[in-house]
1. List pairs: first in the stretch 225-245 and touching a residue at least 60 places away in the same chain (Cβ under 8 Å), second aliphatic (A, V, I, L, M) and away from the ligand (no atom under 14 Å from the Cβ), Cβ under 6 Å, 6+ apart or cross-chain?
2. All but one of (1) within 13 Å of the ligand (Cβ to nearest atom); (2) over 16 Å from the mean Cα position of the chain (by Cα) hold for LEU103, so report the exception by its number.
3. Does the stretch 67-82 hold any residues that are surrounded by fewer than 21 Cβ atoms within 10 Å (Cβ to Cβ) and hydrophobic (A, V, I, L, M, F, W, C), and which are they?
4. Testing VAL188 on (1) outside any loop (DSSP other than H, G, I, E, B); (2) surrounded by 15 or more Cβ atoms within 10 Å (Cβ to Cβ), one condition comes back false. Which one is that?
5. What do you reckon, is ASP215 more than 12 Å from the ligand (Cβ to nearest atom) and of a type in the set (D, E, K, R)?
6. Within the stretch 191-206, count every residue that is open to solvent by less than 50 Å² (accessible area, probe 1.4 Å) and of a type outside the set (A, V, I, L, M).
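The values are calculated or read from the model by the stated rules, or taken from the named source; none is laboratory data. Please read all numbers here as calculations on a predicted model, not as lab measurements. Ideal geometry is used to build each Cβ from the backbone, glycine not excepted, and the neighbour counts take in all protein chains shown. Side chains are part of the model used for accessible areas, which takes the heavy atoms of the whole protein and leaves out ligands, DNA and RNA. Shrake-Rupley method; radii C 1.70, N 1.55, O 1.52, S 1.80 Å.
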Amino acid sequence: MLTQAQVNIFNQQGFLVLPGAADAETVAAIRAVTFSHLEAKKEPIELESEVNYPGAPKSVDDPGGATARRLLMAYERDAVFKAWAEDTSVTECIQQLLGSEQLLLTPNHHNTVMTKHPKYSSDTLWHRDTRYWHYSDNCLINAWTALGPEHQLNGGMKVIPGSHLWHVDDEGLDDLQFLKLDYEGNQVQLAKAIYVNLNAGDILLFSPYIFHAADRCKTNDVKCSLVFTYRGEVTLPVQNTKSSRFPDIRII
Ligand SMILES: O=C(O)CCC(=O)C(=O)O
């Protein structure tokens, strides 16, 4: 279980790293399935060329156009991913942070192996995940397991600590609800951004309401991370939205 100090960090900063949460054997098993599914192009896959983010190939016919960005439906994809999503050493910590009786995993958001490939990956600009999510509140938690080192050069995660507690003016966001980089009112907050350096097996727990971003991969190795989203019983998906498309899965 987490210490009170860790709970306080999560509540104040909006994120918390659990170093070495997955052991080397677990990471190796998850990586083996990931690379075999990438090799086999096992659907469903989101391609870099589909997202239109800076750095991504413009179309599937361009060089690198078939590069995967995310292996979707990770929980359903393979028993190795499912087992990690259900591992109590992590899920009980998430339940503790949520202060909930139950813990549910949503197959509708993240539920993915996020990949960043050399040459053809993209920049994800500053956003809150909740921009296209529909819940009764924002008390969800993402669990991002690093399957290798993650840092500034290979597209590692950046966060703005404490930004899950801000109010942001509409003028501070562009049409896709990314933080405007040239908006005066965002400068003080953008200056607080940090990279979250991770090693294989570390977990980054973060509020989907925190502003986060990541650059493209500038190294020669594929970076990959397994990502799931959880909620407690009081946080309900709004019916007939993307967040209720598939029923949530009871974990605890
Ligand atoms: O690795 C990235 O590009 C960031 C991914 C991300 O923030 C997201 O999928 O919400």
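1. Matching pairs, first to second residue: LEU226/ILE30; PHE228/ALA85; PHE228/LEU105; TYR230/ILE94; TYR230/LEU103; TYR230/LEU105; ARG231/LEU104; GLY232/LEU98.
2. Here LEU103 meets the rest and fails (1).
3. If the condition is that a residue be surrounded by fewer than 21 Cβ atoms within 10 Å (Cβ to Cβ) and hydrophobic (A, V, I, L, M, F, W, C), then LEU72, MET73, ALA79, VAL80 are the ones that fit.
4. (2)
5. Values: more than 12 Å from the ligand (Cβ to nearest atom): no; of a type in the set (D, E, K, R): yes.
So ASP215 does not fit the description; no.
6. Counting residues in the stretch 191-206 that are open to solvent by less than 50 Å² (accessible area, probe 1.4 Å) and of a type outside the set (A, V, I, L, M) gives 3.
Yes/no matrix, rows are residues, columns are (1) open to solvent by 10 Å² or more (accessible area, probe 1.4 Å); (2) in contact with a helix residue (DSSP H, G or I) (Cβ under 8 Å, 6 or more places away or on another chain); (3) among the β-branched types (Val, Ile, Thr):
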position: SER121; (1), (2), (3): no, yes, no
position: ASN142; (1), (2), (3): no, yes, no
position: THR145; (1), (2), (3): no, yes, yes
position: GLU150; (1), (2), (3): no, no, no
position: ASP174; (1), (2), (3): yes, no, no
